[in-house]
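The values are calculated or read from the model by the stated rules, or taken from the named source; none is laboratory data. Worth saying up front: this structure is predicted, and the values here are computed from it rather than measured. These accessible areas exclude ligands, DNA and RNA; they are computed on the full protein's heavy atoms, side chains included. Shrake-Rupley method; radii C 1.70, N 1.55, O 1.52, S 1.80 Å.
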Amino acid sequence: MLLGIDTSGAVSVAVARGELAGDSTDPSPEILAVRSDTRSRHHDEVLLALVEETLQAAGVTRGELTGVVVGRGPGPFTGLRVGLVSARSIASVLGVPLHGLSSLDALAHEALAAVPAERGPITVGVALDARRREVYHARYRREVDGEILRIAEPAVDAPAEVAAALTACDLLVGSGTALYPELLPATVELEHVDAGHLLLAASALAARGEDLTSTEPMYLREPDAAKPTARKSALGR
């Protein structure tokens, strides 16, 4: 049994039957339950309760979990920290493996899952709200055999700087499209990561031998609140 957690934007939790064995012959996990909360500034208040609610909906106890998968972002500093710390704590207490992957990968996986394989190669751009009038973004391509490849690494830029590259994709999704519809018009209304697709994306990556051991946050830039580099006098001297 797998637990998926993503707090890159909204809070999303999923429980699935299956493993991340890294064997291409293994079937994809079976998603049993998904619960989400779209409030952007209440991650610490809702996440653990949402985990319990999702486990209950799936009919699974914490003791049955054999792995935890967490979205590494990019996303707001505080939101990501809540998700990553919680995932690490749960995995540590249960003594089960912890896996991490980019939240952008999961959103691309969900967007492409709705497109029939018969369509052939298809590209998708993902743009997430990065605040400061910027977006986190990446681009992907699904090959004829169904493999999803990242063709542009995650980065953060002003919408106008990446609009041409992202709108050239067949699909464009993410919360950034809702904020900047003139520059980044969405082809599909898909704004936040679904933790079920986080688990499915992780399974696909593990099956082709990708390393999912890192759970370091993918901030892409310094947090808004930075520690001072030198002590300052309260008297201004």
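Structure notes:
- Of the residues Gly176, Gly75, Gly18, the one that moves most in a GNM of the chain with alpha-carbon contacts below 10 Å is Gly18.
- Solvent-accessible area assigned to carbon and sulfur over segment 1-127 amounts to 50 percent, based on a 1.4 Å probe.
- Max mean-square fluctuation residue, GNM over the chain, Cα-Cα springs under 10 Å, options Thr167, Thr38, Thr61: Thr61
- Size check on segment 9-136: the Cα extents along the three principal axes, sorted descending, read 42, 41, 23 Å.
- Hydrodynamic radius of the chain per Kirkwood, over alpha carbon pairs, in Å: 18.2 Å
- Alpha-carbon Debye profile of segment 64-195, log10 I(q)/I(0) at 0.10, 0.14 Å⁻¹: -0.35, -0.64
- Per residue, in Å², the accessible surface of the chain once ligands and nucleic acids are set aside, probe 1.4 Å: 50 Å²
- Dimensions in Å of segment 175-220 - Rg and Dmax from alpha carbons: 14.4, 39
- C-alpha center-to-center spacing [segment 70-136, segment 160-227] in angstrom: 7 Å
- Its alpha carbons give segment 43-110 an Rg and a Dmax of 12.3, 32 Å.
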